[in-house]
Ligand code: NA
Ligand code: NA
């Protein structure tokens, strides 16, 4: 079940961040089409006109890099990252929400924090020395493509904040309903 | 004495002759000579990080040392290629003369300092000429080069590109397959003993000499500057001595094994050893001079090193023309 | 056991226990890595271990991550997935599978056998297991389930057949092994070909025998017609465009007309054109295919990212030394030693991916194997035949790492595209027989080195 199809009422902010991530993802998904076209252009140039351009080949892995990195946060919001579902499907909803909260805080966030912080200095280094391709006829501005790493992991972070918020909302509502039920019962 | 563990990623597998197999010996030398106060723990390429990332990781202090080659950092420091190998450039003895008794070493260290990399550089190897490529048919004229799809590395690649070759830069492991499938028509890679291991002779039978693009290649050890500064004078001297000793080890090893490899290529694998015609060599050299001028025009740092080397080589050329016997090529 | 051994084992145990929470595997891999970075750091301070893990060291992750981005081989991944999804969404895959049911539905297990055959074809053209498994899963899983195949047989067939890609050349795994061992890629490619085909044959034999013994696991097509000429013609007409597409993509790589990346681009384009011809392409369909490709690529890469974190930290905790230590002081004779190494490779395959395992095992073990002084009658003209043979044995064992849970990449890839009624547990159960088949294949290659060495010795003569 994907979060966006979740019937639970979502708070405004969660809705907004998820929508941002989905829109960014949908835009990035079109890069797959661009990648296909780029490859076809290369094939035509090489096999019909006997031309080859290193820059064109490098554009391909640049596009691929953006696709896979932005894909991380998109799959997250779509809840399609693979889980071991042996027990998970048998847990009650509140247990699953609690696992989600613990997972985000103890597992996901430390990983995001470390990757994000180090990726900033990684990009900065590349920018400082004006890094370009190692190939003589390759592309410049390596920092630009490297900066997809912090961008992607930041998107993943705001996705996780939104998910965390939903989990807390759910548990709070549940608690509230339980209390109300209890008070009605008495 | 203070104990030091150098975590050191490699850019050549230790199974590779000279480039890689010199490193376990170097590590053992340093460990023994320092009575165990310095230990080198080396990691095969890709085990910690891929080779092209080594400079950055050492400079940032993610690891405290690493092995590499200037040509690997061309994207970050264009002039670094000059400290790896140079088309129509110096042979091993001349290169070493410039490095250790000319301004070479000072310029080498200055290059990293100026580019803002926090590393101490120590050359640890210089190796024999490479072959200038494996082709499926003889190349007799500039026309034969046009439209050829070839794998080529470094500054020589710019030269080939100018001559109408479609140059690509495949990693070592992908060359054979690309050659076999006809994705590329020709390739250069390394000196004969290593080319032989990769098995290019199984597919293409024309091996060209001399390796105009790479007459000698320097490899380097990088140590994080903070780590270097924290070492005792004795430890520093130990590492410098060991890397210098490894230069003798590598050049003698690589000079010792090529003849046998070349002979095997011809006698058991049916390879044709070819030697570029004077016209072709002149063409490569002319084109290289254009490329070098373009590079120097683009970058003052490149120009400074290039000018110093050129001045050194002018004097050396006079000596070389008188001091040595003329060479005869056996083809 | 020393401190570092304790750390290594507790890292693995922590990972496995957390898997059962059902939190995404990618993030458990990454998160456990971070947790044990902290533990390693603390252990250095408190117990005097020398893991060297700290904030700076863990920064190596970025350099490793960047090499995932900067990987030319993987560019084909989203494109092959696109091709599969487009064939699926445009109704072409379904048509083709119905046609195949008409043809093969007569024979028990025929459909699964044809899936294996397509898997071998895919394997011989690319080597991207993720793409192969996703493609096969999309094309054949619905058809098999539709015909009433047992879930486990269907998913096991898809996973195992998709995994053949890493063994049958071209194969990035063999390329890396050749690199690490300084062997000729050509010798390894030729050496892996017969073992790869042998595995394919073992799968097919198993499927047919299993279907014969348990008919309900692989039922015949329901509305089965007699095989008449007119029907064959109809089937041919349906299959033809798709078959031409797939064969031309695979063929162009095989014949060297195109690189795998180029071929994947052409394949993606071709599938789109087929959808147009089939009058099923609309902007909506195209967009859905793009979004789904994007989503699928996202979770595959998530696992790659998590795995690279996990492997780095495990290594820094002393995992390599721990594993190397297992081999010191063993005296089993040559075959005993090789068996031990292969058993270790198989065991590590449960937790690590093939890249990490080759990096641990090959550098420490290849000198040892070279020194055993093995001699083969086969393999004249092959450089260092004993190492080629050893490398292929390792490659065959490594293939199982894609199938062995908890870290079995083929299992994850398939889960992402299979219908909801199939759980990860089903897939894990489904692959078990195929893992056993692979071990049988491995033993055959051990007993008959000629199976590995014969082709390389004649191929380039
Ligand atoms: Na393959
Ligand atoms: Na596994």
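The values are calculated or read from the model by the stated rules, or taken from the named source; none is laboratory data. Since this is a predicted model, take the numbers as computed values, not measurements. All Cβ positions, even for glycine, are placed from backbone atoms using ideal geometry, and neighbour counts span all protein chains on display.
Side notes on the structure shown:
- Filtered residue count, region B:179-188, keeping only those that are buried (at least 21 other Cβ atoms within 10 Å of the Cβ) and in contact (Cβ under 8 Å) with a residue 40 or more places away in the chain: 4
- Meeting the requirement of 2 or more residues that are under 19 Å from the mean Cα position of the chain (by Cα) and within 30 Å of residue C:283 (Cα to Cα), the helices (runs of 4 or more DSSP H) wholly within region C:51-102 are C:76-89.
- Test: residue in region C:359-373 that is away from ligand 2 (no atom under 13 Å from the Cβ), more than 29 Å from residue B:16 (Cα to Cα) and within 21 Å of the chain's Cα centre (by Cα): no
- Scanning region C:302-321 for residues that are facing chain A (nearest Cβ under 10 Å) and either modelled with pLDDT under 90 or touching a strand residue (DSSP E or B) at 6+ places or on another chain (Cβ under 8 Å) (or both) returns C:303, C:304.
- Residue that is buried (at least 21 other Cβ atoms within 10 Å of the Cβ) and facing chain C (nearest Cβ under 9 Å), where the choices are B:77, B:38, B:49: B:49
- Here C:398, C:393 are screened, and the one residue that is part of a helix (DSSP H, G or I), within 18 Å of residue C:166 (Cβ to Cβ) and more than 10 Å from ligand 2 (Cβ to nearest atom) is C:393.
One line per residue, one yes/no per condition, for (1) crowded, with 22+ Cβ neighbours inside 10 Å; (2) away from chain C (no Cβ under 14 Å); (3) at pLDDT below 90:
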site: B:137; (1), (2), (3): no, yes, no
site: B:143; (1), (2), (3): no, yes, no
site: B:155; (1), (2), (3): yes, yes, yes
site: B:164; (1), (2), (3): no, yes, yes
site: B:177; (1), (2), (3): yes, no, yes
site: B:195; (1), (2), (3): yes, no, no
site: B:198; (1), (2), (3): yes, no, yes
site: B:219; (1), (2), (3): yes, yes, no
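- Residues considered: C:137, C:156, C:196, C:191. Of these, the only one that is at pLDDT 85 or above, within 16 Å of ligand 2 (Cβ to nearest atom) and part of a helix (DSSP H, G or I) is C:156.
- Any hit, region C:315-332, residues being buried (at least 22 other Cβ atoms within 10 Å of the Cβ), closer than 23 Å to residue A:107 by Cβ and under 19 Å from the mean Cα position of the chain (by Cα): no
- Scanning region A:74-106 for residues that are more than 23 Å from residue C:417 (Cβ to Cβ), at the interface with chain C (Cβ under 8 Å from one of its Cβ atoms) and outside any helix (DSSP H, G or I) yields one hit, A:91.
- Meets criteria (away from chain B (no Cβ under 14 Å), assigned to a helix (DSSP H, G or I) and within 16 Å of ligand 1 (Cβ to nearest atom)) for residue C:410: yes
- Annotation: residue A:113 fulfils all but one of (1) surrounded by 15 or more Cβ atoms within 10 Å (Cβ to Cβ); (2) facing chain C (nearest Cβ under 9 Å); the unmet one is (1).
- Filter result for residue C:459 (under 18 Å from residue C:197 (Cα atoms), surrounded by fewer than 20 Cβ atoms within 10 Å (Cβ to Cβ), within 14 Å of another protein chain (Cβ to nearest Cβ) and more than 16 Å from ligand 1 (Cβ to nearest atom)): yes
- Residue, nearest to the other protein chains (Cβ to nearest Cβ), within region C:7-21, restricted to residues that are modelled with pLDDT of 90 or more and surrounded by 15 or more Cβ atoms within 10 Å (Cβ to Cβ): C:21
- Failed item, numbered, when residue C:162 is tested on (1) within 14 Å of chain B (Cβ to nearest Cβ); (2) within 16 Å of ligand 2 (Cβ to nearest atom): (1)
- In the condition set (1) under 30 Å from residue A:59 (Cβ atoms); (2) within 16 Å of ligand 1 (Cβ to nearest atom), residue C:78 is compliant with all but (2).
- The set of residues in region C:333-358 being away from chain B (no Cβ under 14 Å), within 16 Å of ligand 2 (Cβ to nearest atom) and surrounded by 15 or more Cβ atoms within 10 Å (Cβ to Cβ) consists of C:342, C:344, C:345, C:346, C:347, C:348, C:349, C:350, C:351.
- Single unsatisfied condition, residue C:174 versus (1) surrounded by 24 or more Cβ atoms within 10 Å (Cβ to Cβ); (2) away from ligand 1 (no atom under 16 Å from the Cβ); (3) over 15 Å from residue C:403 (Cα atoms): (2)
- Residues of region C:165-177 that turn out to be within 14 Å of chain B (Cβ to nearest Cβ) and within 16 Å of ligand 2 (Cβ to nearest atom), as a count: 1
Per-residue answers, yes or no, for (1) touching a helix residue (DSSP H, G or I) at 6+ places or on another chain (Cβ under 7 Å); (2) within 16 Å of ligand 1 (Cβ to nearest atom):
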{"site": "C:326", "(1), (2)": "yes, no"}
{"site": "C:354", "(1), (2)": "yes, yes"}
{"site": "C:371", "(1), (2)": "no, no"}
{"site": "C:374", "(1), (2)": "yes, no"}
{"site": "C:381", "(1), (2)": "yes, no"}
{"site": "C:391", "(1), (2)": "yes, yes"}
{"site": "C:397", "(1), (2)": "yes, no"}
{"site": "C:418", "(1), (2)": "yes, no"}
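- Taking every residue in region A:46-73 that is at the interface with chain C (Cβ under 8 Å from one of its Cβ atoms) and on the phi > 0 side of the Ramachandran plot and pairing it with any residue that is modelled with pLDDT of 90 or more and surrounded by 20 or more Cβ atoms within 10 Å (Cβ to Cβ), at least 6 positions away or on another chain, yields no pair with a Cβ-Cβ distance below 8 Å.
- With respect to the conditions (1) assigned to a helix (DSSP H, G or I); (2) more than 16 Å from ligand 1 (Cβ to nearest atom), residue C:148 lacks only one, and its number is (1).
- Residue within region C:362-369 that is away from ligand 1 (no atom under 16 Å from the Cβ), farther than 18 Å from residue C:452 by Cα, free of Cβ contacts under 8 Å to residues at least 12 places away in the same chain and surrounded by fewer than 24 Cβ atoms within 10 Å (Cβ to Cβ) present: yes
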